[in-house]
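Input: a single structure, listed below in structure tokens.
The values are calculated or read from the model by the stated rules, or taken from the named source; none is laboratory data. Since the structure is predicted, the reported quantities are computational estimates derived from the model, not experimental observations. Virtual Cβ from ideal backbone geometry, glycine too; neighbours counted across all protein chains shown. For accessibility, only protein heavy atoms count, side chains too; no ligands or nucleic acids. Shrake-Rupley method; radii C 1.70, N 1.55, O 1.52, S 1.80 Å.
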Amino acid sequence: MCEKKAEGQFIMLPVIPLRGMTVLPGINIHFDLNREKSLQALEYAMTGGGKLFLAAQKDAGVEDPAGEQIYPVGTICVVKQITKLPNQIVRVLVEGISRGRLMGIHEENSKFLEAYVEEIFDVSSGNEENEIEKEALLRQIKEYFTAFASHFPKLDKNALQRYSQVKEPGILMDQIAMNLPIGYEKKQEVLEALDIKERYDILCGHLLNEIEIARAREELAHRMKDRVDKNQREYLLREQLHYIREELGEEGSFSDSDQFEEALSKLQASGEVRAKIQKEITRFKKFAGNSSEGAVERAYIETLLDLPWDKASKDNESMKHAGEILEREHYGLEQVKERILEFLAVRCLTKKGESPIICLVGPPGTGKTSIAKSMAEALNKKYVRICLGGVRDEAEIRGHRKTYVGAMPGRIAAGLKQAGVKNPLMLLDEIDKVSNDYKGDTFSALLEVLDGEQNVRFRDHYVEIPLDLSEVLFVATANTTQTIPRPLLDRMEVIEVSSYTENEKFHIAKEHLLKKQMARNGITNKMLSIQDGALKNIITYYTKEAGVRELERKIGDICRKSAKEILEAGEEYDRGEGGEVREASDRTEKGEAGSLKKIKVTASNLDKYLGKRKYSLDKANKEPQVGIVRGLAWTSVGGDTLQIEVNMMPGKGEIELTGQMGDVMKESAMIGMSFVRSVGKESGISPALFKENDFHIHIPQGAVPKDGPSAGITMATALYSAITGKMVRSDLAMTGEVTLRGRVLPIGGLKEKILAARMAGLKEVLVPCENKKDIEEIPEEIKDGLAVTYVKNMKEVLKHALM
């Protein structure tokens, strides 16, 4: 190997190309070798004093670089240490001696790269002026590096001390460049810069750039650290809180808030509702798990999450389907069915339609509650029943404020929660039985609920967030409208559900009640049959009601007695594969023992199952009588006929009223007497007769309270008959209010009254002329065989009634 004697002379040295790495003079550095040519070059260098030439590859991906693929300026180094590692890897420690320029490749050597290298030195002048500039360069470079080091606390603390002792700018710049976190291409620029000033400009540019990068990185790291610190702090606090609550046995509270958050994310609600619930959840997290405040807040949040804010069911819009269900489940009630189909028709045309607020008014047992359930099925709505009977606290409707112990939402909000949708059918049962006390007026609370213009934002005291009730189909039921305040009644569409006729009861019993009771008592058609005559006798002689509840109970009595009779007779039965009853007669067909005698209930043996008849028909009198007139009355269980009796006896002109008459009925009796006295002169009645005789008016069934003005013309006719001695027709009944001048005023309950007259076997009924429109609405089956005569005044009444 040639030795270099002076600048400009070349030396031949083995060359090791470095991938992604540049070595600068004055630096001790180690690197790994595993390429065969590099190992051969190292071995050759060790045989000749350990010198070699290190140069960086232009492209680190080239496995076997040639001369043109290596940077021309590199570093002449001396090998200090060689360490062999596994997998044929050799770790080499070298010391950079000086810069070198690659002048040419020795082509004859094919084992490794060998090249002619010229040793090159820094370019600088040695005069006094350059000494000052050199000192300025040293100080500026150190200042820049100090600023750089301030951003890297982990940098070697001894580096600043070492660099402060370096007096040559070139050496200092080489050492600083080697320790900068810059790429090998930038280090190569420093290596190739022989002029000190040029090298200074390049290095200072890299230093300033790295300082700016470090500052930006620190700013980003600081912001990220603040964010991470906040999240980490929250995480640590939550973990500590979780641990503390576990120790206190309150670990459920934190998980509850997580469940609430998850439920809120799935909740269908407006932004206002979601914001309110989120606020309450945040508040809940601050309470201890078993504290009273936490329990109240938990119950409140659960209520809010369970309410169907924007969740609605899809209504059925098929009128045919709705009509089929209503006809299948209920006999009669045509007006109610018609109103439901009208609502459906409007909904189909407008695709929205306001939900009507319906009030079904009628006697007990007429199917008001069950028709509401059928309405829900026909419209495919969720069904919620709220019984208002006996409710006297306004908070039952609006709820209690959640500050009270045991507070809970009102029945309306609870009904929505139960339904799970915001458009159910809500039945307000027995709305006429609502009462009031010092805690508030319950009827007044219902005003907002049942007002279609106001219930869009109904505010429950407990929930506090407005509830939309505009899509709820409200159906109320009542036995009478007399106890319902007028403002509330005005908000509802009242539909009268009148008493059932005998024919309607018969069809209901045959088509619905009989099947229902037989199934309930385990009786099949092969075990029991009730003939039509028996059903009619049950209706006539064993029940006296407007509805069919007592009728259903009587049919149930027959089914139970029949079941007992079957078992006592020792008839065999068992259960089939599906659990259904299989009679002995079924087994007889299969050749097994036993047979079943079918029980038949007829009109003749009905008393065997129901006992003696409870009621008898109050038939018309056989012969006309004086002072006895048959009137018609409406009761809560249907219509009835009343015989009003008047006796005249010597006395002082006093009037005696008996039969538990109410005040209105007593006034009607006095009006009737005044009318008879006023027409006494025309009828040939002596005025002295009223002073010398007492008059006793009595209505039989004294244990039953009676009231109302509709018996006015009946009592006036009875008084006139008793005073004049003229007989009254026995096949005639009448109803109507009378005035002092003898005018006949309209009354109500005509359907029930006409039905009672027909069942009593009467032939003619006198009704006020102004009730003609009501008579026309009564079905023909009720009026069949009964003459209805319209009267305007008492003269017409007396004309038709007296013989």
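Here are some notes:
Residue by residue, here is whether (1) hydrophobic (A, V, I, L, M, F, W, C); (2) farther than 18 Å from G26 by Cβ; (3) open to solvent by less than 30 Å² (accessible area, probe 1.4 Å); (4) touching a residue at least 40 places away in the same chain (Cβ under 8 Å) holds:
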residue: E192; (1), (2), (3), (4): no, no, no, yes
residue: A216; (1), (2), (3), (4): yes, yes, no, no
residue: R227; (1), (2), (3), (4): no, yes, no, no
residue: N231; (1), (2), (3), (4): no, yes, no, no
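- The lone exception for G389 - which of (1) touching a residue at least 60 places away in the same chain (Cβ under 8 Å); (2) open to solvent by 10 Å² or more (accessible area, probe 1.4 Å); (3) under 30 Å from E552 (Cα atoms) it fails: (1)
- The listed residue being touching a Cys at 6+ places or on another chain (Cβ under 9 Å), of a type in the set (F, W, Y) and on the phi < 0 side of the Ramachandran plot, out of Y144, Y163, Y184: Y144
- Within the stretch 194-204, being part of a helix (DSSP H, G or I) and either under 14 Å from I171 (Cβ atoms) or open to solvent by 80 Å² or more (accessible area, probe 1.4 Å) (or both) holds for I196, K197, E198, R199, Y200, D201, L203.
- Answer from N209, N158 - the residue that is farther than 22 Å from L54 by Cβ, out of contact with any strand residue (DSSP E or B) (no Cβ under 6 Å at 6 or more places or on another chain), of a type in the set (S, T, N, Q) and at pLDDT 80 or above: N209
- Note on the stretch 350-368: residues that are of a type in the set (V, I, T) and assigned to a helix (DSSP H, G or I) total 1.
- Wholly enclosed strands (runs of 3 or more DSSP E) of the stretch 1-104 bearing at least 2 residues β-branched (V, I, T) and touching a residue at least 24 places away in the same chain (Cβ under 8 Å): 10-18, 73-85
- Condition check for V791: at pLDDT 90 or above, more than 23 Å from E623 (Cα to Cα), touching a helix residue (DSSP H, G or I) at 6+ places or on another chain (Cβ under 8 Å) and not hydroxyl-bearing (S, T, Y): yes
One line per residue, one yes/no per condition, for (1) more than 25 Å from the chain's Cα centre (by Cα); (2) over 23 Å from T481 (Cβ atoms):
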{"site": "R347", "(1), (2)": "no, yes"}
{"site": "V361", "(1), (2)": "yes, no"}
{"site": "E394", "(1), (2)": "no, no"}
{"site": "A414", "(1), (2)": "no, yes"}
{"site": "Q418", "(1), (2)": "no, yes"}
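- Filtered residue count, the stretch 514-562, keeping only those that are of a type in the set (A, V, I, L, M, F, W, C) and under 44 Å from the mean Cα position of the chain (by Cα): 9
To keep it simple, each residue is scored yes or no on (1) assigned to a helix (DSSP H, G or I); (2) over 18 Å from the mean Cα position of the chain (by Cα); (3) crowded, with 17+ Cβ neighbours inside 10 Å.
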residue: R274; (1), (2), (3): yes, no, no
residue: E297; (1), (2), (3): yes, yes, yes
residue: L305; (1), (2), (3): yes, no, yes
residue: D310; (1), (2), (3): no, no, no
residue: H321; (1), (2), (3): yes, yes, no
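- Residue count, the stretch 755-779 (criterion: closer than 27 Å to S616 by Cβ and within 49 Å of the chain's Cα centre (by Cα)): 3
- Members of the stretch 524-535 that are in contact (Cβ under 8 Å) with a residue 12 or more places away in the chain and in a loop (DSSP other than H, G, I, E, B): T524, K526, M527, Q531
- Residue satisfying condition, being closer than 15 Å to G362 by Cβ, at pLDDT 85 or above and open to solvent by 10 Å² or more (accessible area, probe 1.4 Å), within set R553, R520, R491, R549: R549
- Near pairs, Cβ below 9 angstrom, 6+ apart or cross-chain, from the stretch 351-366 (within 25 Å of Y500 (Cβ to Cβ)) to any residue that is aromatic (F, W, Y) and at pLDDT 85 or above: P356/F474; I358/F474; C359/F474
- Within the stretch 753-795, being hydrophobic (A, V, I, L, M, F, W, C) and open to solvent by 30 Å² or more (accessible area, probe 1.4 Å) holds for M759, C769, A787, V788.
- In the stretch 693-706, the residues that are at pLDDT 80 or above reach residues that are charged (D, E, K, R) and crowded, with 17+ Cβ neighbours inside 10 Å with C-beta atoms within less than 7 angstrom, at least six apart or across chains, in these pairs: H698/E645; I699/K706.
- Filtered residues of the stretch 369-399 (kept if within 19 Å of R411 (Cβ to Cβ) and in a helix (DSSP H, G or I)): T369, A372, K373, A376, A395, E396, I397, R398
- Residue pairs whose Cβ atoms lie under 8 Å apart, separated by 6 or more positions or on different chains, with the first residue in the stretch 544-560 and free of Cβ contacts under 8 Å to residues at least 40 places away in the same chain and of a type outside the set (S, T, N, Q) and the second surrounded by fewer than 20 Cβ atoms within 10 Å (Cβ to Cβ) and not in a helix (DSSP H, G or I), are G556/N521; R560/N521.
Condition check ((1) surrounded by 12 or more Cβ atoms within 10 Å (Cβ to Cβ); (2) within 30 Å of R162 (Cα to Cα)) across all residues:
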{"residue": "T22", "(1), (2)": "yes, yes"}
{"residue": "I27", "(1), (2)": "yes, yes"}
{"residue": "H30", "(1), (2)": "yes, yes"}
{"residue": "N34", "(1), (2)": "no, no"}
{"residue": "G50", "(1), (2)": "yes, yes"}
{"residue": "G67", "(1), (2)": "yes, no"}
{"residue": "Q81", "(1), (2)": "no, yes"}
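- Residue within the stretch 329-336 that is hydroxyl-bearing (S, T, Y), open to solvent by 10 Å² or more (accessible area, probe 1.4 Å), touching a strand residue (DSSP E or B) at 6+ places or on another chain (Cβ under 9 Å) and in contact (Cβ under 8 Å) with a residue 60 or more places away in the chain present: no
- Test for L446: is it under 19 Å from A312 (Cα atoms) and either surrounded by 19 or more Cβ atoms within 10 Å (Cβ to Cβ) or in contact with a helix residue (DSSP H, G or I) (Cβ under 9 Å, 6 or more places away or on another chain) (or both): no
- Number of the exception - K433 against (1) open to solvent by less than 40 Å² (accessible area, probe 1.4 Å); (2) at pLDDT 80 or above: (1)
- Any chance A177 is open to solvent by less than 30 Å² (accessible area, probe 1.4 Å), over 16 Å from P25 (Cα atoms), hydrophobic (A, V, I, L, M, F, W, C) and part of a helix (DSSP H, G or I): no
- Checklist (1) in contact with an Asp or Glu (Cβ under 8 Å, 6 or more places away or on another chain); (2) in a helix (DSSP H, G or I) applied to Y243, failing item: (1)
- Any chance E114 is of a type in the set (D, E) and open to solvent by 80 Å² or more (accessible area, probe 1.4 Å): no
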